[in-house]
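Novice: Take this structure, written in C-alpha cells, and hold onto it; I'll ask about it next.
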Amino acid sequence: GAGVSQTPSNKVTEKGKYVELRCDPISGHTALYWYRQSLGQGPEFLIYFQGTGAADDSGLPNDRFFAVRPEGSVSTLKIQRTERGDSAVYLCASSSHDRGEQFFGPGTRLTVL
Amino acid sequence: SQQGEEDPQALSIQEGENATMNCSYKTSINNLQWYRQNSGRGLVHLILIRSNEREKHSGRLRVTLDTSKKSSSLLITASRAADTASYFCALNRDDKIIFGKGTRLHILP
C-alpha cells in the first residue's frame, strides 16, 4: 500500500473488554512505533519495534497493554480489561530506519464506555 | 522530562505573515524533527535536523537547531490558510522519538 493503514478507524467498547488494534506499515519499513494521543496533547510514545522484536516498550502504561509484530510487518496492539482512561486515538508509524522520518497512519479512535 | 516543550502553546497571525515556533529540551538528542497535524488527521513529517546541523530549509520552512542552548525553532514564511494546524517537535534520542505538546497555529484571513 501507499501508506500506513490502521484498522479499525473507530472502536467503541465497554469497560473491562479486550480490544485489538491493527497497524499495517509501509512495505519494507523495519521500524514500527505505537503512540496514543489524547485531545490537545502530543502523541505519547508506547512501544517501538525493530523487525519482530520490541526494542523499547517502556511507554506501555501497564501490563494490560501488549503489542506484537510476529513477522516483522503487521503489528497488533492489545489492551486487556479496558478502562475509561484508555480512551484516546492510537497512532501507528513506520520508518525505514530507527532514527528517521516517521510515516503515520490515520489512527484508531478508541472509546471505552 | 524527556519531551520537548513548544512555545508558544497557541499562535494566531494574519495570512501572509511569518510564524515562528520554538522547541526547548533538556536531554541530548540524535536529531530533532518537526511534524504537522491538521485537525482530525494524522501527523505529517515536515523536516528533520541532525544534531550536527544548525539550519535546514524546505520550501517555506526554515528550522534552526542550537544544541548548546538545547533549542530549535521552526519558521514558516508567507503563511497561508492551509498552514492552520498543530505543530510538534519530536526529539530522537536512542531508539525513542518523544513528542512535545505542540503549538496550535491559526492563520487569520
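Novice: For the protein assembly as shown, with all protein chains present and a 1.4 Å probe, just round the carbon and sulfur fraction of the accessible area to a whole percent. Don't skip to the answer; put the middle values down first.
Specialist: Working: 4800 of 10680 Å².
On the protein assembly as shown, the fraction of accessible area on carbon and sulfur atoms equals 45 percent.
Novice: What's the extension gain from B:Thr77 to B:Val44 if we count 0.36 nm per residue and subtract their Cα-Cα distance? Walk me through the numbers before you get to the answer.
Specialist: On the way: separation 33, 0.36 × 33 = 11.88 nm, distance 1.83 nm.
Once the chain is fully extended between B:Thr77 and B:Val44, it gains 10.0 nm.
Novice: Taking R0 as 22 Å, what's the FRET efficiency between A:Thr30 and B:Ser51 from their Cβ-Cβ distance, rounded to 0.05? Don't skip to the answer; put the middle values down first.
Specialist: Details: r = 22 Å, r/R0 = 1.01.
In this case the efficiency is close to 0.50.
Novice: Also, quick follow-up: Report the accessible surface area buried between chains A and B, summing both sides, using a 1.4 Å probe on protein heavy atoms only, in Å² rounded to the nearest 100. Write out the running numbers ahead of the final one.
Specialist: On the way: alone 6120 and 6150 Å², together 10680 Å².
Buried surface at the A/B interface: approximately 1600 Å².
Novice: At most 10 other Cβ atoms within 10 Å and a DSSP loop assignment: could you name the GluC sites (Glu not before Pro) in segment A:1-109 that fit?
Specialist: Details: sites: A:Glu14, A:Glu20, A:Glu44, A:Glu71, A:Glu83, A:Glu101; in loops: A:Glu14, A:Glu71, A:Glu83, A:Glu101.
Here the sparse-neighbourhood loop sites are A:Glu14, A:Glu71.
Novice: Now, a different point. Say the cut-off is 26 Å between C-alpha atoms; which of A:Lys78/B:Lys26; B:Lys70/B:Lys96; A:Lys17/B:Lys96; A:Lys17/B:Lys101; B:Lys69/B:Lys96 go over it?
Specialist: Details: A:Lys78/B:Lys26 32 Å; B:Lys70/B:Lys96 18 Å; A:Lys17/B:Lys96 30 Å; A:Lys17/B:Lys101 30 Å; B:Lys69/B:Lys96 21 Å.
Listed pairs above 26 Å: A:Lys78/B:Lys26; A:Lys17/B:Lys96; A:Lys17/B:Lys101.
Novice: So for the pair B:Ser58, A:Arg109, with labels modelled 7 Å out along Cα→Cβ, what separation do we get in nm?
Specialist: So the two model labels end up 2.7 nm from each other.
Novice: Moving on to the next point. What accessible area per residue, rounded to a whole number of Å², is obtained for segment B:5-108 using a probe radius of 1.4 Å?
Specialist: Numbers: 4990 Å² over 104 residues.
In whole numbers, segment B:5-108 has 48 Å² accessible per residue.
Novice: Here's a follow-up. Please compute, for the alpha-carbon atoms of chain B, the extent along each of the three principal axes and give them in descending order in Å.
Specialist: Projected onto its principal axes, the Cα set of chain B covers 41, 27, 20 Å.
Novice: Using alpha carbons only, how many angstrom separate the centre of segment B:29-44 from the centre of segment B:69-109?
Specialist: Their Cα centres are 7 Å away from one another.
Novice: Continuing with the same structure: Suppose R0 equals 35 Å. What FRET efficiency, 1/(1 + (r/R0)^6) with r the Cβ-Cβ distance, do B:Gln9 and B:Asn30 give to the nearest 0.05?
Specialist: Details: r = 26 Å, r/R0 = 0.75.
Given R0 = 35 Å and the Cβ-Cβ separation, E is 0.85.
Novice: While we're on this one: Sticking with the crude label model, points 7 Å out along Cα→Cβ, report the distance from B:Ser68 to A:Arg84 in nm, one decimal please.
Specialist: Using points 7 Å along Cα→Cβ, the separation is 5.2 nm.
Novice: If you wrap a convex hull around the Cα atoms of chain A, how much volume per residue is inside, in Å³?
Specialist: Working: hull volume 10.5 nm³, N = 113.
Dividing the Cα hull volume of chain A by its residue count gives 93 Å³.
Novice: On average, how many beta carbons from a partner chain sit within 10 Å of the beta carbon of a residue in B:43-56?
Specialist: Per residue, the average neighbour count from other chains is 2.
Novice: Work out the mean other chain Cβ neighbour count within 10 Å for the residues of B:3-10 and drop it here as an integer. Intermediate values should be presented prior to the final figure.
Specialist: Numbers: counts 3, 1, 0, 1, 0, 0, 1, 0.
If you average over the peptide's residues, the count of other-chain Cβ atoms is 1.
Novice: Quantify how strongly other chains surround peptide A:82-95 by giving the mean number of their Cβ atoms within 10 Å of each of its Cβ atoms.
Specialist: Numbers: counts 0, 0, 0, 0, 0, 0, 0, 2, 0, 4, 1, 5, 0, 2.
Across the residues of A:82-95, the mean count of other-chain Cβ atoms within 10 Å is 1.
Novice: Cα-Cα pairs above 17 Å in segment A:1-61: how many percent? Spell out each step's value before the answer.
Specialist: Details: 974 of 1830 pairs.
Result: 53 percent of Cα pairs exceed 17 Å.
Novice: At 7 Å along the Cα-to-beta-carbon direction for both B:Glu17 and A:Tyr18, put a label point, then send me their distance in nm to one decimal.
Specialist: The two pseudo-label positions are separated by 5.4 nm.
Novice: Counting other Cβ atoms within 10 Å, keep those with at most 14, restrict to DSSP loop, and tell me which trypsin sites (Lys or Arg not before Pro) in segment A:20-96 are left.
Specialist: Values: sites: A:Arg22, A:Arg36, A:Arg64, A:Lys78, A:Arg81, A:Arg84; in loops: A:Arg64, A:Arg81.
In loop regions of segment A:20-96 (DSSP not H, G, I, E or B), the sparsely surrounded trypsin sites (Lys or Arg not before Pro) are A:Arg64, A:Arg81.
Novice: Kirkwood-based Rg over Rh for the protein assembly as shown (C-alpha set), two decimals?
Specialist: 0.98
The values are calculated or read from the model by the stated rules, or taken from the named source; none is laboratory data. The model shown is predicted, which means the values in this text are computed figures rather than measured ones. Every residue, glycine as well, gets a Cβ built from its backbone with ideal geometry; the counts of neighbours run over all protein chains shown. For accessibility, only protein heavy atoms count, side chains too; no ligands or nucleic acids. Shrake-Rupley method; radii C 1.70, N 1.55, O 1.52, S 1.80 Å.
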